[in-house]
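Everything on this sheet refers to the single structure shown next.
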Amino acid sequence: MKKFLWLSAFVITVFAQQSCQNKVNESPKTKDSTQPKPMVIKTPIDQAWTSFARYIAGVHDDQNDSLEKTEYWKMHSAKTDLRWRMLSQNVGKPIATWVSEKQYLGKQAPKTLLYPFAGGDFFYANLFYPNRDTIIMIGLEPTGSRFEIAQVDASKMEDYLTTLDRCMFYPHKLGFFRTLSMDDDFSHDLMNGTLHTFMFYLARNGFAIHYVEYFDLDAAGNKVAVKDGAAPIGMKIGFSGAGDNAVRELVYMSKDISNTGNKKDPSVLNYLKHRGNVVSFFKAASYLMYKDYFSDITNVVLGQSKIILQDDSGMPLATMQQGGFQAEVLGEYTKTINLFSNYFQKDMRAEYEAKKPAKLPFTIGYNAEFGECNLQLGSKK
């Protein structure tokens, strides 16, 4: 049996990071999501899903007593406890404090967050946009499925936790998810999609799971049942924390949202168009919306967002301003990494030099390795 390289892992930087087909024939929401929603009575907590999430996150659960006796789980839990404390102190707390002090999300901000190009990054979505009723995330990675922990061979389970450890390490060391790393990690026979990163983050943030429902979309963007044997395009996860009076929902869709992808299958784009007003978030988005062939999603974001928070890899500042947003530049902007040097915005650099905004108390995104972080906050005029 492989042994965890736990001693070296302790000094590495911070760590973080079947299918049940229930009713999915609901229509997309069409009302303005800025309007107050009625109180929703909680659906029961699903103990099987909650216990699964806590197990893989290294969090004790009474239902898992016998499963937690293995040495590899105890080591996984100890490592994860340490790294989560470090992550909370070094990343989580500074961002949460900044969000609270900045108060860029006013009382009238829409309760739905749209986070395209997100992969499995629930961690930062929840930090920058706390208390959203619905979080919509889109990525190329598959949704994934749960397995029965008790039925997995010990060596295979240890390998799974090692893979999960590796997958969750890079985002917080580098400040962003690496697409190629996720492609490799999610090809694991057990860790087969973003479900696993979502479960990890939800459990570590103290959330309980109420349901996981898989769905497909028709061309008009309506949720429909997944066909037998087909991979679901999306899943929705109901979750709540101790202080929540209603179940919140995380919606993830696995989809190519380039113009070419939308032409072949417009379902996700049409689903988004029915959502009403949203707040949007972009981080380490590979500068995709600088390109003409991502104009579809750019136009949806500009048309439906009331607030956009992004780093420079989202959309050009000029695009945001031309789309009717008043933009505030935050942090530092002096460079891009070499891979994306052709996307450096000289006009935005001039605005940073003129306004001289304060340095942000945290680092995320591609320039995290240089100790530099930039954000642009757009508010609809």
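What the table shows:
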{"item": "Answer from S77, S19, S33, S66 - the residue that is farther than 21 Å from N245 by Cα and at pLDDT below 55", "result": "S19"}
{"item": "Residue list for the range 79-88, filter: open to solvent by less than 50 Å² (accessible area, probe 1.4 Å) and not polar (S, T, N, Q)", "result": "K79, L82, R83, W84, L87"}
{"item": "Qualifying residue in the range 250-262 (condition: under 22 Å from the mean Cα position of the chain (by Cα), buried (at least 19 other Cβ atoms within 10 Å of the Cβ) and part of a loop (DSSP other than H, G, I, E, B))", "result": "yes"}
{"item": "Conditions (1) modelled with pLDDT under 60; (2) in a loop (DSSP other than H, G, I, E, B); (3) aromatic (F, W, Y); number of the one not met by F169", "result": "(2)"}
{"item": "In the range 131-141, the residues that are on the phi < 0 side of the Ramachandran plot and surrounded by fewer than 18 Cβ atoms within 10 Å (Cβ to Cβ)", "result": "D133, L140"}
{"item": "Among residues of the range 299-314, those that are in contact with a Phe, Trp or Tyr (Cβ under 9 Å, 6 or more places away or on another chain) and closer than 14 Å to L272 by Cα, counted", "result": "3"}
{"item": "Residue in the range 319-331 that is over 23 Å from Y129 (Cα atoms) and of a type in the set (F, W, Y) present", "result": "no"}
{"item": "Count - residues of the range 103-152 that are under 18 Å from L190 (Cα atoms) and not in a loop (DSSP other than H, G, I, E, B)", "result": "3"}
{"item": "Residues being open to solvent by less than 40 Å² (accessible area, probe 1.4 Å) and either aromatic (F, W, Y) or part of a loop (DSSP other than H, G, I, E, B) (or both) - total across the range 212-236", "result": "6"}
{"item": "Yes/no for V91 being under 18 Å from L202 (Cβ atoms), at pLDDT below 95 and either surrounded by fewer than 13 Cβ atoms within 10 Å (Cβ to Cβ) or out of contact with any Asp or Glu (no Cβ under 6 Å at 6 or more places or on another chain) (or both)", "result": "yes"}
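The values are calculated or read from the model by the stated rules, or taken from the named source; none is laboratory data. A quick note: this is a predicted structure, and the numbers were derived from the prediction, not measured. Because the Cβ atoms are built from the backbone with ideal geometry, glycine has one as well, and the counts that use them run over all protein chains shown. The area values use the complete protein model at the heavy-atom level, side chains included, leaving out ligands, DNA and RNA. Shrake-Rupley method; radii C 1.70, N 1.55, O 1.52, S 1.80 Å.
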